[in-house]
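The values are calculated or read from the model by the stated rules, or taken from the named source; none is laboratory data. Please read these numbers as outputs of a predicted model, since none were measured by experiment. Here Cβ is always computed from backbone atoms with ideal geometry, including for glycine, and neighbour counts include all displayed protein chains. To get the accessible areas, we keep the full protein, side chains included, count just its heavy atoms, and leave off ligands, DNA and RNA. Shrake-Rupley method; radii C 1.70, N 1.55, O 1.52, S 1.80 Å.
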Amino acid sequence: MDKRFRKRVFFLALYLVFAILPVYWMVNMSFKTNEEILSTFSLWPNDFTLQHYRTIFTDESWYSGYINSLIYVGINTVISLLVALPAAYAFSRYSFLGDKHVFFWLLTNRMTPPAVFLLPFFQLYTTLGMMDTHIAVALAHLLFNVPLAVWILEGFMSGVPREIDETAYIDGYSFPRFFLTIFIPLIKAGVGVAAFFCFMFSWVELLMARTLTSVNAKPIVATMTRTVSASGMDWGVLAAAGVLTIVPGAVVIWFVRHYIAKGFAMGRV
């Protein structure tokens with residue numbers, strides 16, 4: 001038993017090293033000068049500097065990228081949940097002609113590479129004058145986030161007994177009142193999990209976000225791919241930007257960590 005336990009601890013420690021090492025190295029680079037990054041190999045900064053973070057917080061081309069990303073990611077997450085909640089309820093509570101086929105079609109949209117839909121979105125937004133706007137990226141990401149949110153929420157909703165719906169109707173609850181005051185609190189774990197995955201996909205997605213924006217709504221992921229200057233790649237600023245990019249995801253994970261654990265327990269994550 002002790003031997004098996006030690007083996008598990010060894011593999012867990014090995015996994016943590018491989019998982020944490022890239023993050024640590026990025027943090028380490030963010031506090032080094034570019035000269036030190038390129039000339040020496042060290043586990044910690046010998047010439048500690050905060051200049052790269054100052055550059056990000058004082059250069060509008062950098063900090064506006066974070067603001068733009070947060071705006072369209074927030075819009076996308078809210079709209080995805082508003083659309084997915086009633087759709088998931090319909091799939092979990094009602095049987096209708098072609099329901100299984102529609103559900104499968106939704107999931108196939110999620111599995112399709114974003115590049116497939118890039119040209120249609122580009123032509124549509126160019127025609128409508130929506131290029132380089134936050135709502136354009138948010139709506140494009142709905143194509144991928146709504147199916148995922150519906151799939152997650154449908155699993156949580158199916159776990160709620162139908163008798164609760166019937167009892168509420170007998171007690172005189174209208175559907176909106178029942179759905180908002182009784183049903184959604186029962187599946188708040190599912191809402192948290194769905195919100196987390198919608199947020200993370202929209203936050204890290206690069207292809208559509210970079211192609212559908214140019215200046216006014218350019219996200220941080222697009223800005224990070226354009227750090228080459230006349231003097232070469234600015235590794236320190238790029239590392240600092242990477243560290244700051246992790247922060248929103250880490251904050252979201254912290255707030256929904258219990259819901260994600262419950263989602264794993266239910267087999268929906």
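The table for this structure:
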{"read-out": "Filter result for TYR24 (farther than 25 Å from ALA222 by Cβ and either assigned to a helix (DSSP H, G or I) or in contact with a helix residue (DSSP H, G or I) (Cβ under 6 Å, 6 or more places away or on another chain) (or both))", "value": "yes"}
{"read-out": "Identity of the residue in region 183-222, touching a Pro at 6+ places or on another chain (Cβ under 9 Å) and open to solvent by less than 20 Å² (accessible area, probe 1.4 Å), that ends up farthest from ILE164 (Cα to Cα)", "value": "THR213"}
{"read-out": "Helices (runs of 4 or more DSSP H) fully within region 122-180 counting 2 or more residues that are without any contact (Cβ under 8 Å) to a residue 24 or more places away in the chain, over 21 Å from VAL78 (Cβ atoms) and among the hydroxyl-bearing types (Ser, Thr, Tyr)", "value": "162-170"}
{"read-out": "Qualifying residues in region 29-56 (those that are free of Cβ contacts under 8 Å to residues at least 24 places away in the same chain and outside any loop (DSSP other than H, G, I, E, B)) - the one farthest from GLY242 (Cα to Cα)", "value": "SER39"}
